[in-house]
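Asker: I have a structure I would like to understand better, so I am pasting it below and will then ask my questions one at a time.
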Amino acid sequence: MNQSKAKNFENFFVMLYTGHLILLSPLLFLTDKGDVVLWINSLHTPQWDVFFKYATHLGDGILFVPLILILLFVRFYDALLALFAAVGHGLIIYIFKKLIFNNNVAMRPIVFFHDLPTVDLVDGVTLHSYRSFPSGHTTSGFVLALILTIAVGRKSWAVLFWMIALVVGLSRIYLLQHFFIDAYTGSAIAI
């Protein structure tokens with residue numbers, strides 16, 4: 001990639017992810033903690049249940065292992081970047097969930113809405129009660145998207161990877177695992 005194309009891609013890359021944070025940030029201030037969860041929960045259908053039940057796994061941290069192994073054969077620098085990003089974001093999430101918000105702190109939506117009989121649950125999804133903040137799956141999804149975007153270096157793929165990361169974050173809210181602020185913060189940590 002020549003220097004002009006590289007700079008153009010870098011600008012696009014920065015605008016895409018910075019725009020993501022800026023455009024979604026009003027929801028942090030204009031809605032109550034559970035509003036986004038209840039709105040997304042109201043959209044439940046059997047098809048979306050299946051889709052999000054499996055799409056959420058695109059944010060599993062274990063996906064770093066095959067990615068790093070593949071990148072070792074493609075471009076060593078990208079493999080190292082993926083390794084450092086995997087370890088770095090894993091440590092940050094560990095610190096938040098196990099040290100700062102440990103025990104019964106940072107309740108998840110199922111506890112927050114415990115007396116609300118109208119929330120829809122997805123069959124086969126085990127709900128957790130605490131350590132909601134931030135969303136580790138969303139952080140992993142965005143870190144994976146960023147690493148893949150850097151490795152591929154194409155705008156169209158950058159948008160696709162970003163959209164997949166958004167789906168991971170949305171899945172965490174849809175499945176009643178996280179609040180919007182958890183997913184938003186997870187994406188911000190990754191970015």
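The values are calculated or read from the model by the stated rules, or taken from the named source; none is laboratory data. What you see is a predicted model; the values in this text were computed from it and never measured. Cβ placement follows ideal geometry from the backbone for every residue including glycine, while neighbour counts extend to all protein chains displayed. Accessible surface areas use protein heavy atoms only, side chains included; no ligands, DNA or RNA. Shrake-Rupley method; radii C 1.70, N 1.55, O 1.52, S 1.80 Å.
Asker: Restricting to helices (runs of 4 or more DSSP H) lying wholly in the range 21-87: which have 3 or more residues that are touching a residue at least 40 places away in the same chain (Cβ under 8 Å)? Lay out the reasoning, then the answer.
Answerer: Values: elements: 26-30, 35-41, 46-55, 64-74.
Filter on the range 21-87 gives 35-41, 46-55, 64-74.
Asker: A further question on this structure: Let me confirm something: among 170, 148, 176, 91, which residue is farther than 30 Å from residue 9 by Cα and either of a type outside the set (Gly, Ala, Ser) or in contact (Cβ under 8 Å) with a residue 60 or more places away in the chain (or both)?
Answerer: Details: 170 fails: farther than 30 Å from residue 9 by Cα; 148 fails: farther than 30 Å from residue 9 by Cα; 91 fails: farther than 30 Å from residue 9 by Cα.
After ruling out the rest, the residue left standing is 176.
Asker: Here is a further query. Residue by residue through the range 153-162, note down the ones that are open to solvent by 10 Å² or more (accessible area, probe 1.4 Å) and either more than 27 Å from residue 121 (Cα to Cα) or at pLDDT 95 or above (or both). Steps first, please.
Answerer: Here is the first cut: in the range 153-162, the ones open to solvent by 10 Å² or more (accessible area, probe 1.4 Å) are 153-157, 159-162.
If the condition is that a residue be open to solvent by 10 Å² or more (accessible area, probe 1.4 Å) and either more than 27 Å from residue 121 (Cα to Cα) or at pLDDT 95 or above (or both), then 153, 154, 155, 156, 157, 159, 160, 161 are the ones that fit.
Asker: Right, here's the next one. Can you pull out the residues in the range 90-128 that are of a type in the set (D, E, K, R), within 21 Å of residue 171 (Cα to Cα) and either open to solvent by 80 Å² or more (accessible area, probe 1.4 Å) or assigned to a loop (DSSP other than H, G, I, E, B) (or both)?
Answerer: 108, 120, 123
Asker: Please go through (1) farther than 19 Å from residue 166 by Cα; (2) open to solvent by less than 20 Å² (accessible area, probe 1.4 Å) for residue 142 and return the number of the only condition it doesn't satisfy.
Answerer: Condition (1) is where residue 142 drops out.
Asker: Let me ask you something else. Counting just the residues of the range 163-188 that are touching a Pro at 6+ places or on another chain (Cβ under 6 Å) and in a helix (DSSP H, G or I), which one comes out most open to solvent (accessible area, probe 1.4 Å)?
Answerer: Of everything passing the filter in the range 163-188, 185 is most open to solvent (accessible area, probe 1.4 Å).
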